[in-house]
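Below is one structure; the comments refer to it alone.
The values are calculated or read from the model by the stated rules, or taken from the named source; none is laboratory data. Fair warning: this is a prediction, and the values are worked out from it, not measured in the lab. Virtual Cβ from ideal backbone geometry, glycine too; neighbours counted across all protein chains shown.
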Amino acid sequence: MACCSLKDPALLSAYSLLKSVQEIDPDFKDKVRVPVMVIVGMQSVGKTSLIEAILRFPVGYTDRNTGNRCPVRYIIRFSEHSRYVVGGEKLHNQAEVQRKVTEHMKSLQKRNSFSNQALTVEISDKDQLDIDITDLPGLQDKAEQDSENIRQIVEHYLKDESVIPVAVCKAEKSHETQIDFSMLEDVGLNAKHALVVINYFNKQLGDLHSVSELNSYCAGYLDKFKRVHFVMLHFEEGIDKDSMGFDERRRYDRALIPGEQKKINERIEHLQEKEPGAQVKPGVLKALGIGSALDDMQSRLSGFMEFNRTNLTVAVKEKIEALLEECKNLRESVDLDADSMWQRWDEYMLDFQTVLKGIFECKHNDIKSDLQSI
């Protein structure tokens, strides 16, 4: 039987539902270990820019003096119908999403507070890809006042063995001088499990003089890390994004991925002119650009769903049966007119059923037929 695509939207949607249900049901959480994909890195390495490259509009809290004071979970979905929700509040447009995230961070700042609890941001529209990712506050130098509070938040997430970390680092002259990655390891980052994003690659790419040097530079990182991507989240020099209004920033973010790819292609052509006949190695080409990093991130999440299909299905079916039995008992003990209570129960169980549907949606018709009997 053919395997699902490792970027299958049905699996990615099912993942988000399963993760959300697990967060509100401690008993279910003990049975199913759903990984959390987190973006981690030092402050000002480009974590928020990576999120905005995914969303194609500005969303991050822009006060550089404080930064995020809690994780932000982004549940992002492709849909023909736009929907924006921050912290449970439905909003009208993308600009309101940024405003609401900023208000939440300023509220925490006003109380001089930090929190492990993630602010949930749900975004669905026709410009989005399917992904579920949590942006952690940027780590600071130990001399900074808030460094310990942020460190505790990051350690809280990284200590979970099932976490999928996306480590954003600034490109250095060599993988051997990648100091900020060592600082991430100090707070619990497991290099073997991490997807590493090397940002500001344009600064290093401009110093390379041949295709051979490009292959050699990237090979050092590819040998050191299992999964690594080289990106240019700020590919244009002299651009002050903080001074832009929302609409101007949105135009910039929409043009980011194609603009970055164009710069990469131009630079490669220049290097090939200096070294006729030389070719960029396939493994290096595959690791260049924001698009390759996003593909890898999506594949990790849907891959978890695909490879754990059987265990997830059994656990969800058992939970549905337990909920149905509990619901039946409750119906017998209260007025049948308590419609609101039953509606909440029905919506809760529907989440599990939707997860099952997503898990099997890309399989053959015979399995889809079996699902209808649930």
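Determine whether Ile290 is of a type in the set (A, V, I, L, M, F, W, C) and within 30 Å of Arg99 (Cα to Cα). Against the criterion (of a type in the set (A, V, I, L, M, F, W, C) and within 30 Å of Arg99 (Cα to Cα)), Ile290 qualifies. For the residues Asp180, Asp141, the requirement of being among the acidic types (Asp, Glu) and assigned to a loop (DSSP other than H, G, I, E, B) singles out Asp141.
Residue by residue, here is whether (1) at pLDDT below 95; (2) crowded, with 18+ Cβ neighbours inside 10 Å; (3) of a type in the set (Ser, Thr, Tyr); (4) within 24 Å of the chain's Cα centre (by Cα) holds:
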{"site": "Ile131", "(1), (2), (3), (4)": "yes, yes, no, yes"}
{"site": "Gly138", "(1), (2), (3), (4)": "yes, yes, no, yes"}
{"site": "Val154", "(1), (2), (3), (4)": "no, yes, no, yes"}
{"site": "Val163", "(1), (2), (3), (4)": "yes, yes, no, yes"}
{"site": "Phe181", "(1), (2), (3), (4)": "yes, yes, no, yes"}
{"site": "Leu184", "(1), (2), (3), (4)": "yes, yes, no, yes"}
{"site": "Gly188", "(1), (2), (3), (4)": "yes, no, no, yes"}
{"site": "Val197", "(1), (2), (3), (4)": "no, yes, no, yes"}
{"site": "Lys203", "(1), (2), (3), (4)": "yes, no, no, no"}
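Out of His229, His234, one residue alone is within 30 Å of Asn93 (Cβ to Cβ), touching a residue at least 40 places away in the same chain (Cβ under 8 Å) and in the same structural domain as Ile51 (by TED's automatic domain parsing). It is His234. Applying the set (1) at pLDDT below 95; (2) over 17 Å from Arg300 (Cβ atoms); (3) of a type outside the set (Val, Ile, Thr); (4) not in a helix (DSSP H, G or I) to His193 leaves exactly one unmet item: (2). Listed residues Ser49, Ser79; which is modelled with pLDDT under 95 and within 17 Å of the chain's Cα centre (by Cα)? Within the list Ser49, Ser79, the selection yields Ser49. Among the candidates Ile268, Ile257, the residue that is closer than 20 Å to Phe201 by Cα, assigned by TED's automatic domain parsing to the domain that holds Arg227 and in contact (Cβ under 8 Å) with a residue 60 or more places away in the chain is uniquely Ile257.
The residues on offer are Arg227, Arg249, and the sole one that is in contact with a Leu (Cβ under 6 Å, 6 or more places away or on another chain) and either closer than 22 Å to Leu55 by Cα or at pLDDT 90 or above (or both) is Arg227. Among what's in segment 106-129 and is touching a residue at least 24 places away in the same chain (Cβ under 8 Å) and of a type in the set (Gly, Ala, Ser), pick the residue that is surrounded by the fewest Cβ atoms within 10 Å (Cβ to Cβ). Once the filter is applied, the top-ranked residue is Ser113. If the condition is being among the charged types (D, E, K, R) and either touching a helix residue (DSSP H, G or I) at 6+ places or on another chain (Cβ under 8 Å) or crowded, with 22+ Cβ neighbours inside 10 Å (or both), then segment 224-234 contributes Lys224, Arg227.
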